[in-house]
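Right, one structure below, let's go through it.
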Amino acid sequence: MRFNDLDTRLRVYETAYDFCVPPEQYIVVRLDGKGFTRLTKEIWQFEAPFDIRFRDLMVETTAHLMQCGFNIIYGYTQSDEISLLFHLKDDSFNRKTRKIISILAAEASAKFSILHGQMATFDARICILPNAKIVEDYFRWRHEDAHRNALNAHCYWMLRKEGETIKKATHQVKGLNRQEKHDLLFSRDINFNELPSWQKRGTGLYWQEVEKVGFNPKTKQPTVSTRRKIFKDYELALGDEYSQFIKKQFL
């Protein structure tokens, strides 16, 4: 059978389930490290509950994803996850979901693995959000999740380091409300509110314009040009202020 005949007949099976995100819909992609809970503690042996080395790997991976061919205007990372907000007008690959997901998962896996020197894998899912308010709420959700997870993690690992078993530490933390968790940490001279912001709120990455001073050898005059650079924000606002930041900065 001739190639053209085969191509015409079989191409449809490859593209039959293609879905393209409609115009005027916001795209957010969330990536998660596959098996990172076990890897970070048992194999890679990062410090628990937080390790600045792991944070930096995630931040640099996020920065890479913002520069790998899509028009991504905001990246947010906390724990082993990354959320990416696309520009509303981005039409890369005709907004095909399979292309977006597969490329970003592959790029994240490759970049993290190269930086870390050990193999790591990310999965990806796409969120199609109908309006700016839902986008604002999405990032508020991940922001609040970071805060909740940080409080639980500090309580859990404090108990584990004191000799509690996995089962007992998990059960004890699960039975406490938020204030009781704060009190538990405070009883060991740990003020949760004074812990580094990036642990409690995650890290945001976004583009900023910066001036670069140069020199024109022909005119013998200094020159000033403007370039875009990714800013890594380790001191994100909290609560409603963070929601306003998302709304004003990106929407």
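The values are calculated or read from the model by the stated rules, or taken from the named source; none is laboratory data. No experiment lies behind these values; they were computed from the predicted model shown. Cβ: placed from backbone, ideal geometry, glycine included. Neighbour counts: every protein chain shown. All accessible areas refer to the heavy atoms of the entire protein, side chains included, with ligands and DNA or RNA removed. Shrake-Rupley method; radii C 1.70, N 1.55, O 1.52, S 1.80 Å.
Do we have ALA124 as more than 17 Å from GLU47 (Cα to Cα), out of contact with any Leu (no Cβ under 8 Å at 6 or more places or on another chain) and among the hydrophobic types (A, V, I, L, M, F, W, C) here?
Spelling it out, it is not the case that ALA124 is more than 17 Å from GLU47 (Cα to Cα), out of contact with any Leu (no Cβ under 8 Å at 6 or more places or on another chain) and among the hydrophobic types (A, V, I, L, M, F, W, C).
Among the candidates ARG95, ARG38, single out the residue that is farther than 20 Å from TRP198 by Cβ, surrounded by 19 or more Cβ atoms within 10 Å (Cβ to Cβ) and of a type in the set (Lys, Arg).
Exactly one of ARG95, ARG38 is farther than 20 Å from TRP198 by Cβ, surrounded by 19 or more Cβ atoms within 10 Å (Cβ to Cβ) and of a type in the set (Lys, Arg), namely ARG95.
List the number of the failed condition for MET119; all other conditions in (1) in contact with a strand residue (DSSP E or B) (Cβ under 7 Å, 6 or more places away or on another chain); (2) open to solvent by 30 Å² or more (accessible area, probe 1.4 Å) hold.
Of (1) in contact with a strand residue (DSSP E or B) (Cβ under 7 Å, 6 or more places away or on another chain); (2) open to solvent by 30 Å² or more (accessible area, probe 1.4 Å), only one is false for MET119: (1).
Is it true that some residue in region 5-24 is farther than 21 Å from ALA150 by Cβ, in contact with a helix residue (DSSP H, G or I) (Cβ under 8 Å, 6 or more places away or on another chain), of a type in the set (A, V, I, L, M) and in a loop (DSSP other than H, G, I, E, B)?
Yes, some residue in region 5-24 is farther than 21 Å from ALA150 by Cβ, in contact with a helix residue (DSSP H, G or I) (Cβ under 8 Å, 6 or more places away or on another chain), of a type in the set (A, V, I, L, M) and in a loop (DSSP other than H, G, I, E, B).
Are any of the residues in region 69-89 crowded, with 19+ Cβ neighbours inside 10 Å, over 27 Å from GLU235 (Cα atoms) and not polar (S, T, N, Q)?
No: zero hits.
For region 29-61, which residues satisfy the criterion of being under 25 Å from PHE250 (Cα atoms), touching a helix residue (DSSP H, G or I) at 6+ places or on another chain (Cβ under 6 Å) and outside any helix (DSSP H, G or I)?
If the condition is that a residue be under 25 Å from PHE250 (Cα atoms), touching a helix residue (DSSP H, G or I) at 6+ places or on another chain (Cβ under 6 Å) and outside any helix (DSSP H, G or I), then VAL29, LEU31 are the ones that fit.
Identify, please: which residue in region 1-41 is within 30 Å of PHE139 (Cα to Cα) and acidic (Asp, Glu) and is, among those, farthest from the chain's Cα centre (by Cα)?
Residue satisfying both the conditions and the ranking: ASP18.
So GLU209 ticks every box in (1) in a loop (DSSP other than H, G, I, E, B); (2) surrounded by fewer than 10 Cβ atoms within 10 Å (Cβ to Cβ) but one. Which box is left unticked?
(1)
Could you identify the single residue in ARG201, ARG188 that is of a type in the set (D, E, K, R), closer than 16 Å to ALA153 by Cβ and touching a residue at least 40 places away in the same chain (Cβ under 8 Å)?
ARG201
Which of the residues that make up region 111-138 are part of a helix (DSSP H, G or I) and not aliphatic (A, V, I, L, M)?
Scanning region 111-138 gives LYS111, PHE112, SER113, HIS116, LYS133, GLU136, ASP137, TYR138.
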